[in-house]
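Here is the structure we will look at.
The values are calculated or read from the model by the stated rules, or taken from the named source; none is laboratory data. The structure displayed is predicted, hence computed values, not measured ones. Please note: Cβ atoms are built from the backbone with ideal geometry, for glycine as well, and neighbour counts cover all protein chains shown. Heads up: the accessible areas ignore ligands, DNA and RNA and are worked out on the full protein's heavy atoms, side chains in. Shrake-Rupley method; radii C 1.70, N 1.55, O 1.52, S 1.80 Å.
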Amino acid sequence: MNKPSISRTAFITLLLLACMFGANHVAARLAFNHGLDVATAVAVRSLVTAAVVALLVWLPRRLSHRRAAPKATDAPSGGSERHAVRERGGPITPRQRRYLLGISVLVALQSLCLYSAVARLPVALALLTFNTYPLWTAGFAWLLYRHRPERAVLIAMPVLLAGLALALDVLGAASGLGAAGQWSRIGAGVAFALTAAAVFGAALVLTQHEVAAVDGRVRTAITMALVGLLALVGVGVQGGFHLPQAVAGWWGLALLTFFYGTAFTIMFTLLPKLGVVGSSPIMNVEPVAALVLAWALLGQTIAPVQVVGALVVVGAVMALGLRRK
């Protein structure tokens with residue numbers, strides 16, 4: 001009997017995450033327009049997220065330990081400590097530590113590349129290019145774990161790529177610049193966005209198959225802390241923090257930290273339970289949210305034919321997300 005690939009509640013949650021991620025990138029572009037640089041944005045966002053999530057992990061455990069503290073007259077029951085460890089998901093193994101480090105490096109690279117794309121392209125186009133990551137996710141699942149892509153994914157792939165070509169105006173018809181002129185303008189941004197999509201797809205697959213057993217909050221805190229430390233290295237290489245030079249830029253930094261941290265925490269807790277390849281395409285509505293917000297807040301617009309291309313891409317990935325198995 002056919003059944004939905006994910007529940008309705010999970011689907012709505014993922015749509016909300018898409019809007020939050022879109023808002024995060026619009027806020028980032030606002031901050032970049034007022035002096036913030038990419039490495040500083042990633043460092044602040046990641047370290048704040050790590051601190052908040054670590055607090056969320058520590059407080060409940062602290063309270064539960066106080067409530068469960070045995071009295072002096074209580075005799076310990078056999079195997080109770082081992083059982084408690086199993087309930088918390090158990091200690092992190094050396095293999096999981098290695099993969100968490102690798103995933104953190106991938107997420108750091110993805111963050112730097114995607115924000116670099118957002119700084120160079122209209123936000124919606126940067127996100128639309130990045131949101132090819134479901135294809136990369138399916139590809140890495142096959143390459144690393146021999147999970148063959150579903151027929152629906154193979155059918156959607158050329159449709160998605162055709163829509164992306166329209167959205168990016170690869171021939172330069174909408175801009176009037178011609179192919180060479182258009183690519184001289186968008187080439188670097190597209191390269192950054194595609195690199196971000198590839199490494200993020202790999203990070204999702206590794207999270208699903210190698211560290212899904214680790215508590216989602218712990219995994220998020222560790223990943224964000226490592227990403228923040230790696231970004232701090234980048235800050236040091238560039239000669240220090242480059243902070244916003246106007247109030248609007250500070251608002252942008254605060255909002256990108258809030259939206260990203262909240263969405264990232266929910267996503268890395270939820271996705272492993274849903275199945276990455278089946279659920280990640282739903283969040284490709286993110287460019288639509290970013291398109292509306294960037295138009296309203298930043299005055300960014302794209303040509304009608306590019307909007308059509310964006311809708312083709314979103315429609316293709318929505319079809320993947322809504323398909324029945």
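Let a ≥ b ≥ c be the square roots of the eigenvalues of the Cα gyration tensor of the range 104-230; is it rounded (a/c under 1.5), or, if not, prolate (a/b larger than b/c) or oblate?
Working: a/c = 3.28, a/b = 1.48, b/c = 2.21.
Judged from the Cα gyration tensor, the range 104-230 comes out oblate (a/c at least 1.5, b/c at or above a/b).
Can you grab the distance from the C-alpha centre of the range 158-187 to the C-alpha centre of the range 234-254, Å, no decimals?
32
How would the range 95-141 be classified by its alpha-carbon gyration tensor: rounded, prolate or oblate, with rounded meaning a/c under 1.5 and the a/b versus b/c comparison settling the rest?
Taking the square roots of the gyration eigenvalues as a ≥ b ≥ c, the range 95-141 is oblate.
Measure off 7 Å from each Cα along the Cα-to-Cβ vector at Leu171 and Arg98, then give the distance between these two points in nanometres to one decimal.
Inter-label distance under the simple model: 5.0 nm.
So for the range 175-260, Kirkwood radius off the Cα pairs, Stokes-Einstein at 20 °C and 1.002 mPa s: how many µm² s⁻¹?
Details: Rh = 16.6 Å.
It comes out at roughly 129 µm²/s.
In whole Hz, with x marking every Gly and Pro, tabulate ³J(HN,Hα) for the range 18-26 from phi via Karplus 6.51 cos²θ - 1.76 cosθ + 1.60, θ = phi - 60°.
Along the range 18-26, the couplings run 4, 5, 5, 5, x, 5, 4, 6, 5 Hz.
So what J values fall out for the range 171-179 if you push phi through Karplus, 6.51 cos²θ - 1.76 cosθ + 1.60 with θ = phi - 60°, rounded to Hz, Gly and Pro as x?
8, x, 5, 5, 7, x, 8, x, 4
Which of the three applies to the range 210-269, rounded, prolate or oblate, going by the alpha-carbon gyration tensor with a ≥ b ≥ c and a/c under 1.5 meaning rounded? Walk me through the numbers before you get to the answer.
Values: a/c = 4.99, a/b = 1.56, b/c = 3.19.
It comes out oblate by the Cα gyration axes.
Ignoring ligands, DNA and RNA, what accessible area per residue does the range 124-220 give at 1.4 Å, in Å²?
On the way: 4090 Å² over 97 residues.
Computed with neighbouring chains in place, this is 42 Å² per residue.
For the range 145-197, evaluate the Debye formula with one uniform point scatterer on each Cα (no solvent term) and list log10 I(q)/I(0) at q = 0.23 Å⁻¹, rounded to two decimals.
-0.90
Could you look at the range 175-268 and say what percent of its accessible area is carbon and sulfur, using a 1.4 Å probe and all protein chains?
Details: 2840 of 3870 Å².
Its accessible area is 73 percent carbon and sulfur atoms.
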